[in-house]
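Working notes for the structure below.
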Number of protein chains: 2
Amino acid sequence: MTLANKPRVTLLAGGVGGAKMAEGLAALEDIDLTIIGNVADDEEFHGLWVSPDIDTMTYTLSGRINRQQGWGLADEGTRALDILTTLGEDTWMMLGDKDFGLHIYRTMRRTKGHRPSDIARDIARAFGVKAAILLPTDDRVQTRVKTQKGWLSFQEYFVREKCAPQVDALEFSGIAEARPTGEALAAIADADLIMFAPSNPLVSIEPILTIPGIRDAVKAASAKKIAVSPLIAGKVVKGPADRMMASLGLRADACGVAHHYQGLIEHLLIDHQDADLAREIAALGITVTCSDILMKDAQDKARLARQVISIAMGGKLNGEAA
Amino acid sequence: MTLANKPRVTLLAGGVGGAKMAEGLAALEDIDLTIIGNVADDEEFHGLWVSPDIDTMTYTLSGRINRQQGWGLADEGTRALDILTTLGEDTWMMLGDKDFGLHIYRTMRRTKGHRPSDIARDIARAFGVKAAILLPTDDRVQTRVKTQKGWLSFQEYFVREKCAPQVDALEFSGIAEARPTGEALAAIADADLIMFAPSNPLVSIEPILTIPGIRDAVKAASAKKIAVSPLIAGKVVKGPADRMMASLGLRADACGVAHHYQGLIEHLLIDHQDADLAREIAALGITVTCSDILMKDAQDKARLARQVISIAMGGKLNGEAA
């Protein structure tokens with residue numbers, strides 16, 4: 001495969017892991033970065049449309065993210081939420097005053113009938129984000145989580161219940177009728193590299209891939225397809241992916257990730273700690289690079305990003321030093 | 001006229017002058033206070049329904065008002081508005097983060113189809129306001145201001161243009177089709193005293209009275225009807241009432257106020273400084289009390305409130321000491 005001088009990289013990403021990977025890629029000057037984010041975490045709060053994964057991506061790539069939390073904006077306030085609490089609203093979903101400014105804007109434009117993709121693009125531009133942040137669909141798709149407490153919205157499970165209940169099933173309501181955006185399909189078809197971020201495979205990446213047309217487009221794409229494992233030594237860095245994979249009958253390790261992406265990816269980066277899984281993964285027809293995949297700081301992120309690009313461009317199977 | 005032990009006082013009020021008068025009345029333990037506020041200042045900002053006069057009343061009576069400004073809440077922030085500015089929105093209307101919490105709540109409930117009156121009642125209760133704050137109508141009535149810049153919304157005139165343009169005409173869009181609320185009609189019919197706050201007669205009181213049925217109800221009511229002049233020595237304490245009255249062909253003094261309310265009020269409190277107008281006002285069939293009507297602090301407000309109640313109960317025509 002021949003890559004252009006400035007390779008076009010399309011990252012499928014959701015959650016904090018996805019945003020970190022995007023940040024690493026965005027630090028590279030010599031690629032053309034497009035991100036397809038996850039909208040299935042979206043939910044209405046207090047009449048406003050909240051899009052946590054897309055916002056985390058925008059906040060991260062604009063450098064305005066609260067780095068301690070990994071989500072939300074720095075220097076936030078809770079005055080609006082406090083008033084909503086005073087007014088008797090259920091306010092378990094942490095929404096800051098700046099968040100509210102964004103959600104008000106998004107909701108106003110959605111109410112006017114503007115395309116969610118256009119709104120997300122304009123927000124990212126106004127925040128100074130250079131990479132394109134695309135929505136996989138402009139239709140409403142929402143993850144539903146089956147637990148012993150019944151079916152929950154994703155945010156009810158994730159924020160209100162703090163991921164404590166065991167996940168017995170997942171569904172993406174509305175996904176069968178959802179149409180992929182032209183921008184997302186083009187970014188997949190035109191990519192030199194399609195990268196699967198170390199995001200939760202089941203609730204960040206799956207609701208992107210399951211939008212009718214997206215999985216087939218990825219399969220059909222001529223791009224190199226590389227994933228970074230979200231699990232290290234069977235544990236997730238952040239979030240419930242490991243427990244969720246286990247309760248849904250997948251192996252909760254890099255091998256389970258490889259199984260899940262089999263047929264979609266050619267290459268998987270796993271951590272040095274998981275080197276013993278490399279042979280098993282290779283048997284699935286997926287080449288493996290063992291590396292240090294934990295992203296603790298900006299240097300880690302850029303190094304990992306450079307390594308993936310280098311693999312895509314050079315076909316190397318072993319990690320290179322930063 | 002015989003008053004009950006706890007006289008039922010219904011105050012027609014808008015703006016900061018109206019809120020001050022309401023605060024004075026609310027400080028009296030021995031009356032049953034109902035306020036009919038003004039909704040014609042309402043306007044949509046960023047997709048949210050903002051009700052400045054009703055909110056100023058709620059903020060004032062809850063003790064949460066920013067006392068320096070006379071409007072808005074104490075300890076406010078501008079994080080949400082700053083984000084809206086970043087996103088390219090026109091943000092001349094000063095809306096604080098706490099304000100946004102309230103406007104989000106109101107808009108959410110309006111979108112659900114709840115009665116604006118019920119929403120206003122629930123907000124006031126949640127803020128701990130004891131007096132009833134009623135809306136004169138649940139329908140949309142909006143003051144339009146004709147200036148050399150064309151027709152403006154009230155907030156465009158009042159906030160964006162800082163009341164600078166001359167007012168050539170006023171209209172209340174939607175008012176011909178508006179229906180009065182049952183609560184407002186009952187508060188007028190059942191009152192022992194109907195009081196006209198020292199609010200702008202043309203843009204605070206007039207859009208209440210002009211709602212079909214309200215003016216007739218006030219005329220038909222058995223209550224004593226007393227107004228406090230919003231003008232002292234031909235000048236308004238706050239706002240554009242004096243210039244507005246002049247440009248619309250009314251006398252910009254207490255006499256002009258009396259003319260405007262002729263047929264509706266029996267009694268008018270004017271300032272000592274306007275004592276020379278008393279005879280002229282009396283000739284209109286309106287009895288006059290000269291007093292110190294400027295409300296600088298809580299004591300002033302309570303004293304003025306007590307004086308009006310005392311006039312209504314005792315039929316006194318001269319001011320009593322506090």
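The values are calculated or read from the model by the stated rules, or taken from the named source; none is laboratory data. Bear in mind the structure is a predicted one, so any value in this text is a computation, not a measurement. So basically every Cβ, Gly included, is an ideal-geometry build from the backbone, and we count neighbours across all protein chains shown.
Go through segment A:79-109 and give me each residue that's surrounded by 20 or more Cβ atoms within 10 Å (Cβ to Cβ) and polar (S, T, N, Q).
A:107
Select from segment A:108-131 the residues that are small (Gly, Ala, Ser) and closer than 23 Å to residue A:175 by Cβ and list them in ascending order.
A:113, A:117, A:120
Can you spot a residue in segment B:129-144 that is within 16 Å of residue B:245 (Cβ to Cβ), touching a residue at least 12 places away in the same chain (Cβ under 8 Å) and among the charged types (D, E, K, R)?
no
Evaluate the following for residue A:168: is it crowded, with 16+ Cβ neighbours inside 10 Å and either within 14 Å of another protein chain (Cβ to nearest Cβ) or of a type outside the set (Ser, Thr, Tyr) (or both)?
No.
Only one residue in A:263, A:256 is modelled with pLDDT of 95 or more and at positive phi, so which one is that?
A:263
Which residue pairs have Cβ atoms under 7 Å apart, sit 6 or more places apart or on different chains, and have a first residue in segment B:288-303 that is touching a residue at least 24 places away in the same chain (Cβ under 8 Å) and a second that is among the basic types (Lys, Arg)?
Going by the 7 Å Cβ cut-off, the qualifying pairs are B:295/B:20; B:295/B:301; B:301/B:20.
Looking at segment A:135-150, which of its residues are out of contact with any Gly (no Cβ under 7 Å at 6 or more places or on another chain) and surrounded by 15 or more Cβ atoms within 10 Å (Cβ to Cβ)?
Hits for segment A:135-150 are A:136, A:137, A:138, A:143, A:144, A:145, A:146, A:147.
Residues that are away from every other protein chain (no Cβ under 14 Å) and more than 21 Å from residue A:16 (Cβ to Cβ): list the strands (runs of 3 or more DSSP E) wholly contained in segment A:43-151 that include at least 1 such residues.
Per the criteria, A:142-147.
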